[in-house]
1. Could you name every one of the helices (runs of 4 or more DSSP H) located completely within segment B:164-283 that has at least 2 residues being surrounded by fewer than 16 Cβ atoms within 10 Å (Cβ to Cβ) and away from every other protein chain (no Cβ under 14 Å)?
2. Where residues in segment A:371-403 are in contact with an Asp or Glu (Cβ under 6 Å, 6 or more places away or on another chain) and more than 8 Å from chain B (Cβ to nearest Cβ), which of them is farthest from B:Phe162 (Cα to Cα)?
3. Any idea how many residues of segment B:236-256 are touching a residue at least 24 places away in the same chain (Cβ under 8 Å) and basic (Lys, Arg)?
4. Please pick out the residue among B:Ser245, B:Ser214, B:Ser230, B:Ser189 that is of a type in the set (S, T, N, Q) and either at pLDDT 95 or above or closer than 18 Å to B:Phe121 by Cα (or both).
5. Scan segment A:232-242 and tell me whether some residue there is of a type in the set (S, T, N, Q), crowded, with 18+ Cβ neighbours inside 10 Å and in a loop (DSSP other than H, G, I, E, B).
6. Pick from segment B:317-367 the residues that are in a loop (DSSP other than H, G, I, E, B), at pLDDT below 80 and hydroxyl-bearing (Ser, Thr, Tyr): which of them is nearest to the chain's Cα centre (by Cα)?
7. Just to confirm my filter: which helices (runs of 4 or more DSSP H) fall fully inside segment A:85-192 and include at least 1 residues that are closer than 23 Å to B:Asn277 by Cα, in contact with a helix residue (DSSP H, G or I) (Cβ under 9 Å, 6 or more places away or on another chain) and modelled with pLDDT under 90?
8. Looking only at segment A:24-38, count every residue that is more than 12 Å from chain B (Cβ to nearest Cβ) and surrounded by fewer than 19 Cβ atoms within 10 Å (Cβ to Cβ) and tell me the total.
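The values are calculated or read from the model by the stated rules, or taken from the named source; none is laboratory data. Only a predicted model underlies this, so the values are computations on that prediction, with no experimental measurement involved. Positions of Cβ are backbone-derived with ideal geometry, glycine not excepted, and every protein chain shown enters the neighbour counts.
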Amino acid sequence: MSATENAKAVLRRLTAASATERILISFAALVMAVLVGAVIILVSGRITTCQTAATTLFGTGFCYDPVEVYLVLFNGALGEPFLVNRPGILKPLNPDWNPLSFGLALTLKETTLLIFTGLSVAVSFRAGLFNIGTQGQLVLGGLATALFSFFVAPLLPSGLVGGLILIPLAVIVGALVGGLYGAIPGALKAYADANEVITTIMLNFIAAQIAFVLVSEFYGNPDSQVVETTPLPDWATLLPVAFPQGGDFSILALAFGLALVVAVWFLLEQTSFGYDLRTSGEQPEAAEYGGVDAKRTTVTSMFLSGALGGMGGAIWVLMVMGKWQAGVPALGFDGITVSILAGNNPFGVVPAALLFGTLKSGSLAVQFGTGVPKQLVGVLRGLIILFVAMPEFFRMLGSAIDLEPDRETVATDGGSLGGDDE
Amino acid sequence: MSTTTIDRLRDTELSYRATLAGGALSVFLLIALLGLAFPGSIWGNFLAILTSRSTLSSALRLSVPITFAALGGIFSEKAGVVNIGLEGLLIISAFTAVITTAVVGPEMTVLGLPAIWIGFFAGILSSVLFSALFAVVCIRFKADQIIAGLAVWLIALGLAPFAATVYYGGVNTDNLGTTLGTWTIPVLSDIPFFGAFFDADPAVYMMLVAVPASWYVLNRTAFGRHVRASGENPKALDTVGVDVSRVRYAGVLLSGFLAGIGGSALSLGLGQFVGNNQTMVNGKGFIAIVAYLFGNYNPIGAFGASFLFAGLEAAQIRLQQVPGYAIPDSLIQTIPYVTVLVVLALVGRTRIPEAAGEHYDTGDDNR
């Protein structure tokens, strides 16, 4: 039995856990990550130097106050509905709060992008494939979109009509390129048994370099010092319609993302392909006996996963940047957190993306308001994955404090949780 | 899986490895031939790069983090825990080594030990602590090893730049202005080409000791036997009264210790931690995994593969300095990663330890 098969057994067990249990585990993991994050904030508050301590615990001054950091984070992500810098526990409402303001647009922008990458990771994980390569698929898909739009835009009438033709085509091109790049590790897995974790990570490095070369040597913007493509005309991009104060959020992209969530759910749960995909992830042996072509399913699942990642790149180019630029943010890695937090369920991806999008957009307010670096989100990203990966920890915690003794008994009797070797 | 299938797989594996090693050798011979025939051409440049002493010495230096991480990965996976978080262990030790040295003061000595060596050991300690966390999560809390390993990587990838920003205001640390330096052995270092072995970073000597030592521990000691049994047949090990969990903890901690040496050596060799994008570790932990798969879990084979990958990296760096040909640097930089992919595609069917990736329950829940 190979490690991947074992991993699949674990995924199977995770899927077997009830929906309520998974939601509980995700929440508990989030709370634990936030708590550990608070400790990290406190400790780093001792490392840095400041004039006045932000908080004092046990007679020791700390430069950063974790409670304040999280308050500022959520407040910033929502566009500052409260006046958090006032003293007292209950903060007064901000009379100038505007839900269409920059802060909320930023949150929704991040959420939209994370829906795509989260879906990408979720599809592969459901197929029992650890696609860590969403990042690379996103980088190349985004570049393809930018180049396609740049070369085709002059051939089309500018304005709304041109946009209506060009934008969907550009997204499809991004999806195709991302999908083909995702199919490479799929084929390597299916036909050469090469571990997809490693191949996708290697392909991330290769994608970044290839994209860099293509843009810096061939298709770069000659007027720019930065490695980037020429900006697209406004009509060829997704403009912020409902949120005029900037923040690069287009409600159209969010609507498209939500439609994809439903489409992916339908594909996974209601079609025979989805059935093949899930069974080869959950019960590979049964899938083989049932006549599923495992190799083809592997390649197709990875193509699909890559296509979703590529679309994420397309949306990043069309909605956020209006061009492709080197140094693409780590949306693909964030997608892993989103998918794991969502229990790899397409519908779960939406709240998970919203939560993680809130963390990401709020981190900017945190850096500005409290001085805690925005890289904090990178730490939380890993911590969340760690805690979701150990449901046993929460079960033990639950039974230790005797929270739900009944459920424990059921789990033990049912024998579906853990204990494969017994 | 029946024995015949395993045997057949093993045969194909061997032929793959032979093909690959033969392929590498013939590529080298081809370059040598072309280089000798046309000394002024690009092949001449290739040959000069491949046979220069400075390429050898940088290949040795570059193979240190990969080799140590690969050795660590062998112990962990042989014991039954797939440690995909090696990259994270390299990152955290590389960062801790530099920041500790900076906090102590690069010029200071404590108890006769220069600050840089205190940083070196602090880096190892941080990696051991991280691997202890990973071990507890995997063994005690039965987490999925792949996902927990990814978490270790991503936590380190977030934590190091975060801490660097807290302390320095940017994701890179300041340069310490000092490095581990080189230890030169008189006379021997004067040998042409191979003298590079005797005029090297201290960590290179450590590596040259650690590789055979790991082989010996794994294959010739009781502990090594326990480690292998814990990965192949934990039930049998349990039956003879050895605590499987303890052996697995030891395996994972050892992987943290070894990867820690690699990480500390990486950053202190440069005197700085670079935290951009994928940090200065830049996939070395994952390359290490491929190196030990290629080396079939044999420390010496893993060193060979690490040295091959590091050699490509060294040649690649030197190639960028050769003027007069038009391949962009970024494309050359992909050579090691592409090679890793090709190697993995060819030796992908490696037989991993039977019970690697599985939890082992003794049936005794109160442990």
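1. The qualifying helices (runs of 4 or more DSSP H) are B:202-220, B:222-232.
2. The extreme case among them is A:Ser399.
3. Qualifying residue count for the region: 1.
4. Numbers: B:Ser245 fails: either at pLDDT 95 or above or closer than 18 Å to B:Phe121 by Cα (or both); B:Ser230 fails: either at pLDDT 95 or above or closer than 18 Å to B:Phe121 by Cα (or both); B:Ser189 fails: either at pLDDT 95 or above or closer than 18 Å to B:Phe121 by Cα (or both).
Step by step, each of B:Ser245, B:Ser214, B:Ser230, B:Ser189 is checked, and only B:Ser214 is of a type in the set (S, T, N, Q) and either at pLDDT 95 or above or closer than 18 Å to B:Phe121 by Cα (or both).
5. Taking segment A:232-242 and keeping what is of a type in the set (S, T, N, Q), we get A:237.
Still in the list and also crowded, with 18+ Cβ neighbours inside 10 Å: A:237.
Retained after the next criterion (residues that are in a loop (DSSP other than H, G, I, E, B)): A:237.
Checked segment A:232-242: at least one residue is of a type in the set (S, T, N, Q), crowded, with 18+ Cβ neighbours inside 10 Å and in a loop (DSSP other than H, G, I, E, B).
6. B:Thr350
7. Numbers: elements: A:102-126, A:134-152, A:160-192.
Answer list for segment A:85-192: A:102-126.
8. 7
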